[in-house]
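Each reported figure results from applying straightforward, stated rules to the coordinates on display, with no laboratory input. Bear in mind that the values here come from a model prediction, so they are computed numbers and not experimental data. Every residue, glycine among them, receives a Cβ derived from its backbone with ideal geometry; neighbour counts consider all protein chains shown.
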Amino acid sequence: MIEKWWHKLPEKFPTIEIDEFIVMPNHFHGIIVIVGAIPCGRPKKDRPIVGATPCGRPENGRPNKGHPHGDAPTLGDIIDWFKTMTTNEYIRNVKSNGWQPFPGRFWQRNYFEHIIRNNFEMNRIREYIYNNLSNWTDDEYFMEVQT
């Protein structure tokens with residue numbers, strides 16, 4: 001169910017691409033690439049724009065729809081939508097298919113983010129995500145999954 005909504009992110013937010021991800025027993029790792037950023041000025045050939053545009057306002061000088069960059073969603077918007085969709089589907093399945101209820105919140109209140117600035121870092125983080133499940137028993141939050 002989590003994977004399904006992860007794959008729907010680019011449909012909802014066309015200015016992003018999804019990359020490596022892993023669904024863990026009690027958390028999730030994923031890379032979101034922001035591809036639709038509009039830079040202020042011209043990017044240099046040796047320094048492409050990474051992440052959100054550095055502009056403080058859109059070209060016409062007025063924010064649009066609450067976003068400082070016009071209609072461009074923030075990472076917070078993207079994560080909020082993902083958490084909402086997954087939580088709502090899980091609740092529907094608790095009610096209709098007997099899935100185990102969760103106490104409190106389905107997701108933690110916030111999320112951890114990191115801006116990936118170069119290919120070396122991207123490959124290192126992809127490898128970390130790829131190997132995360134095999135390292136699960138060594139994780140400080142490891143717990144036996146009850147089935």
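Determine, for each peptide in 97-106, 12-21, the mean count of other beta carbons within 10 angstrom over its residues, then list the peptides with the highest first.
12-21, 97-106
Ranked by Cβ crowding within 10 angstrom, fewest neighbours first, how are Leu9, Leu133 ordered?
Sorted ascending by nearby Cβ count, the order is Leu133, Leu9.
May I ask for the net charge around Met122, where only other residues with Cβ less than 13 Å from the Cβ of Met122 are counted and Lys, Arg are +1 while Asp, Glu are -1?
Within the 13 Å Cβ shell, the charges total -2.
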